[in-house]
Amino acid sequence: MNSKNVPVTIEELRRKQPRFEGIESGHRACLGCGEALAARLVTEASGPDVMIANATGCLEIFTTPWPESSWRLPWMHSLFENTGAIAAGMESALKAQGKNTKVLAFGGDGATFDIGFQALSGMLERGHNVLYVCFDNEAYMNTGIQRSSSTPHAAMTTTSPPGSERMGKRHLKKDILSIVAAHHIPYAATSSVAYPSDIRMKVRRAMEIEGPTFLQIHSPCPLGWGHDGADSIKVARLAVQTGLFPIIELERSVLIGSMPIRHPKPVIDYLGLQQRFRHLFNKKDSRAIEELVHIQALADHNIKHYNLRGEGVDTMDSDGADTVRRGGMRWA
Amino acid sequence: MRKALEGSQALAQTVALCRPQVVAAYPITPQTHIVENIAKLVANGKMDCELVSVESEFSAASLVLGAACAGSRTYTASASQGILLMSEVLYNIAGLRVPMVMTCANRAISAPLSIWNDQQDSMAVRDAGWIQLYCADNQEAVDTTIQAYRISEKTELPVMVCVDGFTLTHTLEPIDIPEQEMVDQYLPAFKFSRMLDPRNPTSIGTLVSPDFYSEARHSHHHALLDAADEIIAADNDWEKLSGRSAGGLLAVDGPDDARIGILTLGSVYGTLSAARDEYPELPATSLLKLRAYRPFPADALRIACQGLTDLIVLERALSPGYGGIVAAEVHAALATGTAKPRIHSFAVGLGGRDIPLDIYRQLHERIKVAEPAPFAIIDVRLERLPVEDFGIDLTTTDASNG
């Protein structure tokens with residue numbers, strides 16, 4: 001890093017760097033795990049006065065192989081499908097005891113979009129003061145890459161394999177954010193591990209809100225997506241830059257902000273890095289180009305629908321927001 | 001003070017006396033009146049708690065689990081399909097060894113759909129690792145609920161208080177609701193030793209490898225066995241305060257010279273007790289009230305069966321393809337020791353079928369056999385079943401249900 005280009009001193013940066021990590025290193029996540037990084041960033045921003053309800057899944061498994069635990073926070077795992085209700089129970093107890101400790105709920109996309117959806121909806125509807133964070137890696141990774149309702153269209157998983165009759169997952173990725181926002185909760189947002197400062201900002205914002213809040217963090221899974229572990233951030237960034245994963249914020253179900261895309265990239269830049277989409281690059285298969293066109297159309301739709309195309313250079317856009325150094329400082 | 005109260009009303013008032021901080025409510029017949037009455041107490045400022053109306057029984061059980069781990073005394077109630085829906089959570093609560101109390105307003109299981117009483121629901125979660133206590137009447141339900149909190153919090157095991165749906169929950173009885181001071185004296189403030197706390201962060205519910213799972217199960221099993229002492233102590237201490245015992249693990253009522261025993265769980269005990277007075281001409285009979293089903297009081301059972309020639313096990317559930325669930329355990333318990341009564345196994349009162357006083361006479365008739373007959377459901381009217389079920393036309397024969 002060339003400090004001449006940085007509008008702050010090194011001392012200032014050090015002072016501003018996070019002092020708290022809720023997850024210790026030494027856990028058993030795969031190399032390049034997006035979820036592990038995202039969870040660490042969330043706990044850095046939340047600080048220590050929290051209590052966590054964690055759904056069954058990779059995060060639970062790789063952080064707590066008895067008798068070890070990576071958590072520096074009070075943490076609990078009950079089951080796969082009840083995380084919203086466990087968190088609601090914690091919050092009710094803390095309320096009854098007159099404590100202000102914030103409850104966090106952590107779940108993967110399977111636990112959030114699918115099996116735990118009802119408990120999540122109940123928690124949102126009843127207005128529990130909980131920040132629910134969904135680490136979205138777009139399939140059941142812990143059981144070995146099965147499709148979930150979050151798996152994007154055409155992606156290959158072990159239960160949506162391409163073949164003579166199929167081109168990967170037939171259905172679209174569920175729009176969980178709109179569904180969650182339709183509960184008219186105070187705050188619902190998406191973020192991505194490619195943008196740590198965006199995660200921190202949104203967690204801090206949610207922490208200040210009394211009521212249910214929701215954060216969906218796009219978290220690459222090198223094993224499940226089929227890319228190099230060293231490319232996780234690059235892949236996550238391309239999901240945003242192509243428009244396939246819009247970074248947006250909603251208050252009471254109204255769109256209040258989005259991360260502009262400075263230079264929209266073609267979806268093939270994103271898809272081509274991942275083995276789960278390799279069947280879309282088979283030049284001998286006429287269906288492949290059809291699917292690529294389809295996926296590009298989905299990205300174009302997102303860009304139009306959320307008005308994501310940026311104008312000029314913006315420190316908060318898809319190219320600016322990830323040039324973030326330690327401490328959450330931003331510059332273009 | 002004795003008041004005429006519906007069972008559910010009495011239970012709601014009793015729960016309030018136990019001061020839970022978090023209550024999860026979800027409607028299911030015949031449990032609904034309990035949470036409705038709690039909601040009324042909360043609405044009128046007579047009960048100070050976070051009452052959460054959840055979106056399913058699965059979440060009801062989960063919510064109280066989260067609340068208990070965060071350090072609060074909790075309560076919920078359910079029945080039937082609700083118990084089955086939350087069964088995964090029930091196992092989880094017990095495995096995590098989290099103290100809490102819930103009422104099961106016993107009801108039959110669908111299909112066929114029945115909202116009426118039997119005990120198939122609590123039997124279905126027999127192996128979840130909860131303490132299960134069965135109540136013979138509403139006074140026992142009140143006393144057992146208070147005791148259950150003490151047992152649960154001392155043993156760090158969850159307790160299910162089983163109360164026959166409708167038969168108890170919807171029946172008006174004169175019931176003594178204890179004074180608040182008495183309950184406060186009996187039940188210390190809730191403190192969960194492994195409670196989640198940001199100042200002392202711990203991880204609850206971790207993954208264990210095969211290196212540790214057997215040990216966890218061993219520990220859980222022995223905790224349940226050891227809970228027997230606490231169940232007895234809690235009942236004795238409550239008797240000292242209130243003057244009433246709810247029956248410890250297993251209560252025996254009958255003359256010393258009785259050679260016939262009838263073992264039951266729940267409210268059938270009351271029916272048999274009244275019937276025994278109605279038929280004084282029948283042989284002297286002991287009534288065995290199995291209050292603690294888990295932990296199973298095998299030693300107490302062996303002692304209670306000393307001198308009996310015949311033991312009738314009368315239960316309101318069955319294991320299809322086998323027969324009596326409790327009877328199987330009674331057989332196993334009496335395989336050792338010197339008490340060797342002949343064991344007769346019957347299911348009765350399924351799906352709310354009325355159990356008349358005459359059942360007592362019928363049972364005495366049925367055991368007049370050279371060898372105990374195989375398990376049977378009492379009061380099956382074969383003529384109500386389709387002919388195809390039997391291959392014979394019952395309307396033209398005089399076949400009976402034997």
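The figures follow:
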read-out: Between 0 and 90°, nearest 10: helix B:138-155 axis offset from chain B longest Cα axis; value: 50
read-out: For B:Thr309, distant residues with modelled amide H under 5 Å away; value: B:Ile260
read-out: Net length gained if the chain between B:Lys154 and B:Arg259 were fully extended (0.36 nm per residue, minus Cα distance); value: 34.0 nm
read-out: A:Arg204-A:Val8 pseudo-label distance in nm [points 7 Å out on the Cα-to-Cβ vector]; value: 0.9
read-out: Per-residue mean of C-beta atoms belonging to partner chains within 10 Å, peptide A:118-130; value: 3
read-out: Residue mean of other protein chain beta carbons inside 10 Å, B:205-213; value: 5
read-out: Ranked list, fewest to most other Cβ atoms within 10 Å of each Cβ, for B:Ile312, A:Ile10, A:Ile303, A:Ile86; value: A:Ile10, A:Ile303, B:Ile312, A:Ile86
read-out: Positive-end extreme of charge dipole, the protein assembly as shown - chosen from A:Tyr195, A:Gly57, B:Ala223 (charges on Cβ); value: A:Tyr195
read-out: Region B:221-294: GluC sites (Glu not before Pro) falling in loop per DSSP and having at most 11 other Cβ within 10 Å; value: B:Glu281
read-out: Helix B:7-17 axis, angle to chain B major axis (alpha carbon atoms, nearest 10°); value: 30
read-out: Check: chain A dipole with +1 on Lys, Arg Cβ and -1 on Asp, Glu Cβ, in debye; value: 380
read-out: Gyration tensor (alpha-carbon) shape descriptor, chain B, a/c threshold 1.5; value: prolate
read-out: Where labels lie 7 Å past Cα in the beta-carbon direction, separation of B:Asp197 and B:Lys46 in nm; value: 3.5
read-out: Between helix B:32-43 and chain B: long-axis angle, C-alpha atoms, 0 to 90°, nearest 10; value: 30
read-out: Distance between region B:178-238 and region A:208-244 - C-alpha centres, whole angstrom; value: 41
read-out: Quarter of Cα convex hull surface for region A:64-171, i.e. mean projection, nm²; value: 8.1
read-out: 10 Å Cβ neighbours from other chains, averaged over peptide B:16-25; value: 2
read-out: Dipole of the protein assembly as shown [Lys/Arg +1, Asp/Glu -1 at C-beta], most positive-end residue of B:Ala275, A:Pro74, A:Val293; value: A:Val293
read-out: Residue among B:Arg366, B:Arg259, B:Arg199 with the largest mean-square fluctuation in a Gaussian network model of chain B, springs linking Cα atoms under 10 Å; value: B:Arg199
read-out: Listed residues A:Leu215, A:Leu238, A:Pro264: farthest to the positive end of the dipole of region A:201-332 (Cβ charges); value: A:Leu238
read-out: Antiparallel DSSP beta bridges within region B:255-389, as percent of all bridges there, nearest 5; value: 5
read-out: Nearest-20 debye value, the protein assembly as shown charge dipole, Cβ charges on Lys, Arg, Asp, Glu; value: 2780
read-out: Cα-Cα over 23 Å, subset of B:Lys240/B:Lys289; B:Lys3/B:Lys46; A:Lys173/A:Lys284; B:Lys40/B:Lys154; value: A:Lys173/A:Lys284; B:Lys40/B:Lys154
read-out: Fewest-first sequence of B:Ser267, B:Ser209, A:Ser150 by Cβ atoms within 10 Å of each Cβ; value: B:Ser209, A:Ser150, B:Ser267
read-out: Of the chymotrypsin sites (Phe, Trp or Tyr not before Pro) in region B:345-394, those whose Cβ has at most 14 other Cβ within 10 Å and which sit in DSSP loop; value: B:Phe390
read-out: Computed label-point distance, nm, for sites A:Arg28 and A:Arg166 using a 7 Å Cα→Cβ extension; value: 3.0
read-out: Value of [θ]222 nm, deg cm²/dmol, for the protein assembly as shown, DSSP H segments ≥ 4, -39500 (n - 2.57) each, nearest 500; value: -10500 deg cm²/dmol
read-out: Fraction of antiparallel bridges per DSSP, the protein assembly as shown only, in percent to nearest 5; value: 25
read-out: Segment B:Lys240-B:Glu215, extension gain: residue separation times 0.36 nm, minus the distance between their alpha carbons; value: 5.2 nm
read-out: DSSP beta bridge pairing in region B:218-300, given as percent antiparallel to the nearest 5; value: 45
read-out: Ranked packing of A:235-241, B:299-305, most packed first, by mean Cβ within 10 Å; value: A:235-241, B:299-305
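Any read-out appearing in this document is the output of simple, stated calculations on the displayed coordinates, not a laboratory observation. None of these values were measured; they are calculated from a predicted model. Cβ: placed from backbone, ideal geometry, glycine included. Neighbour counts: every protein chain shown.
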